[in-house]
Amino acid sequence: MAFASSISHSLQGTALSRDVLCPTTKIYPSQLSIPQSSPISKKERKLLSFHIRASVTDGRESSIEKQEPSVEKVPFPKGDSWSVHKFGGTCVGSSQRIRNVAQIIVDDFSERKLVVVSAMSKVTDMMYDLIYKAQSRDDSYMAALDSVLEKHKLTAVDLLEGDDRAIFLSRLYHDINNLKAMLRAIYIAGHATESFTEFVVGHGELWSAQMLASLVRKNGVDCNWMDARDVLIVNPTGSDQVDPDYLESEKRLDNWFSQNPSKTIIATGFIASTPQNIPTTLKRDGSDFSAAIMGALVKARQVTIWTDVDGVYSADPRKVSEAVVLKTLSYQEAWEMSYFGANVLHPRTIIPVMRYDIPILIRNIFNLSAPGTMICRPPVNEFEDGQGMESFVKGFATIDNLALVNVEGTGMAGVPGTASDIFSAVKDVGANVIMISQASSEHSICFAVPEKEVDAVAKALQSKFRQALYAGRLSQVAVIPNCSILAAVGLKMASTPGVSATLFNALAKVGMLELQNNSSLHFKISGHYPLIAGVCTLGKYANINVRAIAQGCSEYNITVVVKREDCVRALRAVHSRFYLSRTTIAMGIVGPGLIGGTLLDQLRDQAAVLKEKFNIDLRVMGITGSRRMLLSDTGIDLSRWRELEKEIGQVADLGKFVQNVHGNHFIPNTVLVDCTSDSGIASHYYDWLRRGIHVITPNKKANSGPLDQYLRLRALQRQSYTHYFYEATVGAGLPIISTLQGLLETGDKILQIEGIFRLVTCISQLTYIGTLSYIFNNFIGTQSFSEVVVEAKEAGYTEPDPRDDLSGMDVARKVIILARESGLKLELSDIPIESLVPEPLRVCASAEEFLQQLSQFDQDMANKRQDAEDAGEVLRYVGMVDVVNQRGAVKLGRYKKDHPFAQLSGSDNIIAFTTERYKQQPLIVRGPGAGAQVTAGGIFSDILRLASYLGAPS
């Protein structure tokens, strides 16, 4: 009564026109005026109620129903000639964006176009805020309405000219004045009915549609705008939804078209009318639904939903950086993903177009080059041609802020009607059940509801089952708060072997990685769910607490309930498992010097080919030197890594570096590549392998260090199922280690290994010289040994201190590595080294002092050279492993001029394997044994070998 009186009083003297309040009935403000002194009788109250209802009735159909018989009806053409476009609020958020929309409409060469448009960005929220402020008696509603007016006025002034601008602004001011009167009434009453609210909030669509239609006409296109309330009829339901009346809407569309024939129609989204012609809406985000209904009414060829993303993603890209745009989705998959919270479409959008197999295309208005996502009926052969599991799992979605309610008890088993009683109580409090899971033993039923509704649900159930709880037939009604749902969506998932196992294995692997990092377990089973006991065993190493599972017989989704704080990690884990290749490898490069830098350049040049042809996805997540490091969560751009290191590099911290590379639990594999010769870095290999990190290196220090540490390292590597590759430690790019391992693995017996291992010095980025090779190739004729060494030093062919080249230690390390690979348990100190540095000069204070005094020992080397020449031989510096006698040595040897060792030149390495199979003629491996390109290539080969072990195709 008070509300009706307030409305009536507030409308006195206002200029509400039939366009706004009551276009059908002849009711004017004077009729609504009731003297305040007059008592309001039942009859008068009833009449006033009718007046108020009529004031928000949209009767544009009146002009349709009463059209003159002489008007010839234009038949409405339906079918593939129509394309339907829907533009959301962000698409029309500014005058420039509205211009872009108009251009897309003009550029569409379809014979007929029906365009559904939302209100400008944020306008619908502003209109709801007007209602809230008015009914809260907040005087600022007037200023807020002025903001709405100003937004649209400025847009129209920018877009329109001449009569178009004048006509629109006249309508805009007229609408705003009427809204002021209506809001004033709501302000006085302190309450707004649903009809009033929906009438007010629908104005944004009216204004944007009119402006867009004027702009399209300005571009020379025959165009009319449609107030969808004249055509779209819906029946409100009790669940804050509406059901379209297709038959009545189709009839009204025919009538509308007969009066407004046009090949381009700009229609309002979101708003509609009830069968009683009362304005209503399709509820929040209903413009997608409008477009689908319109597409079904005109039997369109396609419905295109224009938005601000490139399409439907496999997961929320804000939570999963690896999410990809899906090329296609079935209607059912899109429905499931939208239901489970994915930002796809209004959940009910699929239903109208499904009836006629009308495809929906999701496209990005801000990226017209993106093809978008097509939602349609899948072709019959979609799952043929040997497509992998990824074909069956299309996407993942989550719902947060849920609670689980668990009703359990032995008295539930075999008792008819228990489930009915439970959900009847839930219905009585108006709660929305998101998911249900029941144990096959009928011992328990659990279901998920929004967290804000769980208290009411729990109270209702406890009241409903008070007697059963008291008698012990039910043991508890338990609430488990702070839950989230994770849903995996895809056709035919349940009938594809291994999908569920893969899903739960992905959840388990997150915890296994954390276990390796933290050396502790954090798994517990909450609640008592016999249904998931087996699953919990699957995930018992995980830090992902699986609380409940549901899978419908429709086979479209598998739903898992997890703790809210675990949801994002769980989402990333399962997405990675299904969308990242098993050979996706997170890499960390230690030592971006000459060799490391060359490796990074090789990775840059080859990464795309490896990914496309071999399904090997190599991602460098970190690069660290001794002073600076560069980190990334998704992968460093290797085309710019040097620049990025300077721009955003940070102080080197090996612990932080390793954590960053290995900390992404959602990339299946991690490898650290040590390109240094640092014994300190090598000392970390054991810890890295223990944590499940693969190691690849050319660094000789670990394998030639103390024997006990070497044996401990290799034992761990074999037990932990991690890989440790070090081919480049001996022969750079030559397959020396792998050849030796192949001989041993096939049962051959190694007798002796002998080789010339070139210690190579870098002359320039492209030039390398074998230091000892240069010395002995030039140690001929009458030139003394010291003169050759000085010449090599001055030419830059040696290290700054030539003793580093001449000491033989580098060769000894290679010998000890081969010896240990052959099964010999030798220390580096067990290898006798014939150093080319005379013993008295080993303690010289500087390289200069060494070179000055080296000439004193020339005669000794000259004698060795002469003896060799007299015997028809040459001098070569070699390393040797005598497996039979279990020893090794580094020495200056003499070889006949026809021996393979005598014919070596440049920076080549040569290794001879004498075995039981190759006893008469040794197996020879020869080729470039050093240099940045070759060594980096050897490391790269080990990386690809690792990938092949992880499942890459051969």
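The values are calculated or read from the model by the stated rules, or taken from the named source; none is laboratory data. This is a predicted model, so every value here is computed, not measured. Note that we place each Cβ from the backbone using ideal geometry, even for glycine, and neighbour counts take in every protein chain shown. These accessible areas exclude ligands, DNA and RNA; they are computed on the full protein's heavy atoms, side chains included. Shrake-Rupley method; radii C 1.70, N 1.55, O 1.52, S 1.80 Å.
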Does Ser140 satisfy being closer than 25 Å to Arg284 by Cα and either over 38 Å from the mean Cα position of the chain (by Cα) or of a type in the set (Lys, Arg) (or both)?
-> yes
All but one of (1) crowded, with 20+ Cβ neighbours inside 10 Å; (2) free of Cβ contacts under 8 Å to residues at least 60 places away in the same chain; (3) over 25 Å from Asp107 (Cβ atoms) hold for Met226, so report the exception by its number.
-> (3)
Among the candidates Tyr721, Tyr710, residue that is assigned to a helix (DSSP H, G or I) and hydroxyl-bearing (Ser, Thr, Tyr) | Tyr710
Just to be sure, is Arg572 closer than 18 Å to Ser500 by Cα, among the charged types (D, E, K, R), at pLDDT below 85 and out of contact with any Lys or Arg (no Cβ under 6 Å at 6 or more places or on another chain)?
-> yes
Residue check, Asp860 against (1) under 19 Å from Gly755 (Cβ atoms); (2) surrounded by fewer than 14 Cβ atoms within 10 Å (Cβ to Cβ), all met but one. Which one?
-> (1)
Residues located in the stretch 89-143, provided they are basic (Lys, Arg) and either free of Cβ contacts under 8 Å to residues at least 40 places away in the same chain or in a helix (DSSP H, G or I) (or both) | Arg97, Arg99, Lys122, Lys133
Find all pairs meeting these conditions: Cβ atoms under 8 angstrom apart; at least six residues apart or on different chains; first residue within the stretch 264-276 and under 17 Å from Glu248 (Cα atoms) and open to solvent by less than 10 Å² (accessible area, probe 1.4 Å); second residue among the hydrophobic types (A, V, I, L, M, F, W, C) and part of a loop (DSSP other than H, G, I, E, B).
-> Ile271/Leu232; Ile271/Leu282; Ala272/Leu232; Ala272/Leu282; Ser273/Leu232
Yes/no for Val874 being surrounded by 15 or more Cβ atoms within 10 Å (Cβ to Cβ), hydrophobic (A, V, I, L, M, F, W, C) and closer than 20 Å to Thr915 by Cα = no
When Pro244 is run through (1) touching a helix residue (DSSP H, G or I) at 6+ places or on another chain (Cβ under 7 Å); (2) open to solvent by 30 Å² or more (accessible area, probe 1.4 Å), the failure sits at (2)
Would you check if there is a residue in the stretch 56-63 being at pLDDT below 70, farther than 15 Å from Gln302 by Cα and of a type in the set (A, V, I, L, M, F, W, C)?
-> yes
Residues in the stretch 290-309: is at least one open to solvent by 20 Å² or more (accessible area, probe 1.4 Å), without any contact (Cβ under 8 Å) to a residue 60 or more places away in the chain and either in contact with a helix residue (DSSP H, G or I) (Cβ under 6 Å, 6 or more places away or on another chain) or in a strand (DSSP E or B) (or both)?
-> no
Quick one: which of Val157, Val216 is part of a helix (DSSP H, G or I), of a type in the set (A, V, I, L, M, F, W, C), modelled with pLDDT of 95 or more and open to solvent by 60 Å² or more (accessible area, probe 1.4 Å)?
-> Val157
Every residue from the stretch 71-88 that is in a loop (DSSP other than H, G, I, E, B) and not β-branched (Val, Ile, Thr) = Glu72, Lys73, Pro75, Phe76, Pro77, Lys78, Gly79, Asp80, Ser81, Gly88
Given (1) closer than 30 Å to Ala403 by Cα; (2) at pLDDT below 90; (3) in contact with a Leu (Cβ under 8 Å, 6 or more places away or on another chain), where does Thr583 come up short, assuming only one miss?
-> (1)
Would you call Ala209 within 22 Å of Met127 (Cβ to Cβ) and in contact with a Cys (Cβ under 8 Å, 6 or more places away or on another chain)?
-> no
Note on the stretch 77-91: residues among the β-branched types (Val, Ile, Thr) and either over 16 Å from Pro359 (Cα atoms) or at pLDDT below 95 (or both) are Thr90
Residues in the stretch 670-707 that are assigned to a helix (DSSP H, G or I), closer than 23 Å to Ala947 by Cα, touching a residue at least 40 places away in the same chain (Cβ under 8 Å) and open to solvent by less than 40 Å² (accessible area, probe 1.4 Å) total 1
